[in-house]
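Q: A single structure is presented below for examination.
The values are calculated or read from the model by the stated rules, or taken from the named source; none is laboratory data. The model shown is predicted, which means the values in this text are computed figures rather than measured ones. Don't worry about glycine lacking a Cβ; one is built from the backbone with ideal geometry, like all the others, and counts go over all protein chains shown.
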Amino acid sequence: MSEATDSPNISDLLWEQRKFPPSAAFQANALVSETHLYDIASEDYEAFWATQATETVTWNKPWNTICEWKSPYSKWFIGGELNVAYNCLDRHVEAGNGSKVAIHWEGEPGDTRTLTYAWLLDEVQKFSNALKGLGVQKGDRVNIYLPMIPEAVVAMLACARIGAAHSVVFGGFSSQALADRINDAEAKVLITADGGYRRGEVFPLKPQADEAVSSTPTIEHVVVVKRGGNAVTMHEGRDHWYHDLMAVAEPVCVAEPMSSEQLLFLLYTSGTTGKPKGIMHTTGGYLTHVTYTHKYVFDLHPETDVYWCTADVGWITGHSYIVYGPLSNGATQVIYEGVPNYPENDRLWSIVEKYKVSIFYTAPTAIRTFMKWGVEEPQKHDLSSLRVIGSVGEPINPEAWMWYHENIGQGRCPVVDTWWQTETGGIMISPLPGVTTTKPGSATFPLPGIGAEVVDEKGNVITRGGGYLTLTHPWPGMLRGIWGDPKRFQETYWSKFPGRYFAGDGAKLDDDGYLWLLGRVDDVMNVSGHRISTTEVESALVSHPSVAEAAVVGANDATTGQAIIAYVTLRGGASVSENDLRNHVAKEIGAIAKPKAIFFTPDLPKTRSGKIMRRLLRDVAEGRNLGDTTTLADASVVTELQKRAAESNED
Ligand code: WT7
């Protein structure tokens, strides 16, 4: 099974043989069940995207140039004009679908709101006028710091309607993180709430916002949505209740056509080092990319499907696959405010049952948590409405994929593992559920219109084995730069492999040409000259029936350069010895990948978006003081691990 080589490339250790072709029953109703989209796109990708732009988006003025590519900058649909909010709202209402439900909103405490496209349009027009009344103009930046409430969607669409760029900051971020992002964007207005619900309690947002705004000279006004009911201080002249502004706002705000390259939003992403980067996305190309991918990757039938993406609007997944993609497609979706384990561990499955969710999109970190909680939780509910289930955010371990397929998809639903980034704007590598034969753990192939290749250290294209994932030509949703930092844009993405976009991820190709993501290349370990991906060792660990989740890091080692250290969380009720697990890894992928030490832990340190923080675990393993922990979701997890590392060094 194993074949480690001494090459400088990333080793290819894990071999997954299971295959899942789409069922005939699924194909019978699928939007696409043949390869024609791939065939057309491979002939002329620009023409392909132009067709998508015509079919999926409504333009006020047609473009004259499909794409202009002056590496590293691309422009799409130049000369074209459109309004994103018009595409997400007005066109559906004009088509007679005003009474269609856009959002089934479920608050964490159990309160609900049912919002139609007509209601959303009214609300967005009024809030657009309210923003204008506060002096917001086309080209300005507006910061949004809200819980998962419908007003977050309204605020984003209102900005789009009037041509102001929004910069959403996840509600779990600190006041300092908010202040840094506001200052970098030089935002004029901040939209926040008194507080929101999380794990049964109200978490305050307005006090954090106040603290941030005390060091953000560009903010002129703060709009406050009432949600938590917690006490807040309103600063006369600066702060305004959302409901007060809305009570007097004019009802009509015509959607003004914007140029295709008008800045739609900034979204800050932290990267591994340095200050957060304000990733820039524009209008026509972005909307085309997310509308097209949301339609085909999820096989969306807007008349009958109920779609649910569990991300927060503070991340790119929320922007592209809660707000812009689904609403542009006229979908009906569920938005849930809170955590998956309130009041109990079956909350998500009760929501699937209640709203008859048919398309479900979540993250591997959530799936592995569901594995930890056990199959009893989904089994309490009728999940027969589900048709397609998706995953995004990290490599999905084959065993987690299988668990998801069997216990949530009930063996019936195609699993779409979607690879993309904040920078790519939309999904890039993914199965098409009616076309692609999937393999557990593989994101399969680039979508029609996308060019991806794996290259070695020198930039030579490889067709088999491990290397670096690159994108070979521009795509409509690609980032247009880093706000205020063109040099960093060039250096981060375009300098390692000239002429190619380097995503920072390792990937490998198998004999059938399937792509397997291997995690961030910064995480690749070097053990006795073998370049081993943390993802493959983690997947080998998770393939043991007792293991729910694993994080693997390379720690400095006098003999082997780096030694593999694993942190493992067991499934509910399971137990296994360290030695059995080490042998299991050896059996699955080879002795070279055997962890030197394994620590059992009830939790792993994660970012607030659920990514494992391997850098911190490396610090712990090497006995260093912790660096920046501000993006950590729960700091106590690391303190506990540090304590145990110190104890084991004393042994
Ligand atoms: C990084 C981008 C895209 C929305 C959420 C994350 C990792 C994402 C997958 C996947 C393997 C994945 C990559 C990527 N990633 N999806 N399906 N398989 N890895 O957005 O925070 O910008 O992170 O997430 O490492 O580079 P992001």
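Q: Let me spell it out: the conditions are (1) at negative phi; (2) not in a helix (DSSP H, G or I), and P378 meets all of them except one. Which number is the exception?
A: Of (1) at negative phi; (2) not in a helix (DSSP H, G or I), only one is false for P378: (2).
Q: Does the range 194-211 hold any residues that are in contact (Cβ under 8 Å) with a residue 60 or more places away in the chain and either surrounded by 15 or more Cβ atoms within 10 Å (Cβ to Cβ) or of a type in the set (V, I, T) (or both), and which are they?
A: Matches in the range 194-211: G196, Y197, R198, L205, Q208, A209.
Q: While we're looking at this one, here's another question. Where residues in the range 416-447 are more than 11 Å from the ligand (Cβ to nearest atom) and hydrophobic (A, V, I, L, M, F, W, C), which of them is surrounded by the fewest Cβ atoms within 10 Å (Cβ to Cβ)?
A: F445
Q: Determine which single condition V461 fails, assuming it passes every other condition in (1) under 29 Å from F360 (Cα atoms); (2) more than 16 Å from the ligand (Cβ to nearest atom); (3) hydrophobic (A, V, I, L, M, F, W, C).
A: The single condition V461 does not satisfy is (1).
Q: A follow-up question, please. Go through the range 1-28 residue by residue and tally those that are modelled with pLDDT under 95 and in a loop (DSSP other than H, G, I, E, B). Working first, answer last.
A: At the first step, the residues of the range 1-28 found to be modelled with pLDDT under 95 are 1-18.
From what's left, in a loop (DSSP other than H, G, I, E, B): 1-9, 11-18.
Matching residues across the range 1-28 total 17.
Q: Evaluate the range 249-267: report whether one residue or more is out of contact with any strand residue (DSSP E or B) (no Cβ under 8 Å at 6 or more places or on another chain) and within 16 Å of the ligand (Cβ to nearest atom).
A: no
Q: Kindly evaluate I191 against the criterion of being of a type in the set (A, V, I, L, M, F, W, C), in a loop (DSSP other than H, G, I, E, B) and in contact (Cβ under 8 Å) with a residue 40 or more places away in the chain.
A: On the way: of a type in the set (A, V, I, L, M, F, W, C): yes; in a loop (DSSP other than H, G, I, E, B): no; in contact (Cβ under 8 Å) with a residue 40 or more places away in the chain: yes.
For I191, the condition - of a type in the set (A, V, I, L, M, F, W, C), in a loop (DSSP other than H, G, I, E, B) and in contact (Cβ under 8 Å) with a residue 40 or more places away in the chain - is not met.
Q: Sticking with this structure for a sec: Select from the range 456-478 the residues that are part of a loop (DSSP other than H, G, I, E, B) and without any contact (Cβ under 8 Å) to a residue 12 or more places away in the chain and write down the one among them that is farthest from P446 (Cα to Cα).
A: Looking at the filtered set, the residue picked out is K458.
Q: So which strands (runs of 3 or more DSSP E) stay within the range 511-579 end to end and still have 2 or more residues that are at negative phi, at pLDDT 95 or above and within 16 Å of the ligand (Cβ to nearest atom)?
A: 515-520, 547-557
Q: Moving to a separate point now. Can you tell me which of L157, L131, L121, L115 is modelled with pLDDT of 95 or more, outside any loop (DSSP other than H, G, I, E, B), in contact with a Gly (Cβ under 9 Å, 6 or more places away or on another chain) and within 18 Å of A85 (Cβ to Cβ)?
A: After ruling out the rest, the residue left standing is L121.
Q: So E108 clears everything in (1) over 23 Å from the mean Cα position of the chain (by Cα); (2) buried (at least 20 other Cβ atoms within 10 Å of the Cβ) except one condition, right? Which one?
A: (1)
Q: Can you give me the number of residues within the range 29-46 that are part of a helix (DSSP H, G or I) and more than 17 Å from Y296 (Cβ to Cβ)?
A: So the answer is 2.
Residues are listed down the side, and each one gets a yes or a no for (1) away from the ligand (no atom under 16 Å from the Cβ); (2) surrounded by fewer than 21 Cβ atoms within 10 Å (Cβ to Cβ); (3) small (G, A, S):
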residue	(1), (2), (3)
Y324	no, no, no
N341	yes, yes, no
I351	yes, yes, no
F370	yes, no, no
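Q: Do we find that V232 is more than 16 Å from the ligand (Cβ to nearest atom), surrounded by fewer than 13 Cβ atoms within 10 Å (Cβ to Cβ) and not in a strand (DSSP E or B) in this structure?
A: Spelling it out, it is not the case that V232 is more than 16 Å from the ligand (Cβ to nearest atom), surrounded by fewer than 13 Cβ atoms within 10 Å (Cβ to Cβ) and not in a strand (DSSP E or B).
Q: Mind checking which residues of the range 14-43 are under 27 Å from the mean Cα position of the chain (by Cα) and of a type in the set (A, V, I, L, M, F, W, C)?
A: Answer for the range 14-43, where residues must be under 27 Å from the mean Cα position of the chain (by Cα) and of a type in the set (A, V, I, L, M, F, W, C): L14, W15, F20, F26, A30, L31, V32, L37, A41.
Q: State all residues of the range 242-289 that are surrounded by fewer than 16 Cβ atoms within 10 Å (Cβ to Cβ), assigned to a helix (DSSP H, G or I) and among the aliphatic types (A, V, I, L, M); if no residue qualifies, say none.
A: A247, V248
Q: Sticking with this structure for a sec: Scan the range 295-317 for residues that are away from the ligand (no atom under 13 Å from the Cβ) and not acidic (D, E) and jot them down.
A: Once the filter is applied, which keeps residues that are away from the ligand (no atom under 13 Å from the Cβ) and not acidic (D, E), the range 295-317 yields K295, Y296, F298, L300, H301, P302, T304, V306, Y307, W308.
Q: Among what's in the range 397-438 and is among the hydrophobic types (A, V, I, L, M, F, W, C) and assigned to a loop (DSSP other than H, G, I, E, B), pick the residue that is nearest to the chain's Cα centre (by Cα).
A: Checked the range 397-438; the qualifying residue nearest to the chain's Cα centre (by Cα) is W420.
Q: Tell me, please, whether a residue that is touching a strand residue (DSSP E or B) at 6+ places or on another chain (Cβ under 7 Å), under 14 Å from L264 (Cα atoms) and polar (S, T, N, Q) can be found in the range 115-132.
A: No, that holds for no residue.
Q: Still on this model: Only one residue in E376, E394 is within 13 Å of the ligand (Cβ to nearest atom) and acidic (D, E), so which one is that?
A: Matching residue, one of E376, E394: E394.
Q: I need the full set of residues from the range 242-273 which are free of Cβ contacts under 8 Å to residues at least 24 places away in the same chain and under 22 Å from G484 (Cα atoms), in order please.
A: The answer is T273, and nothing else.
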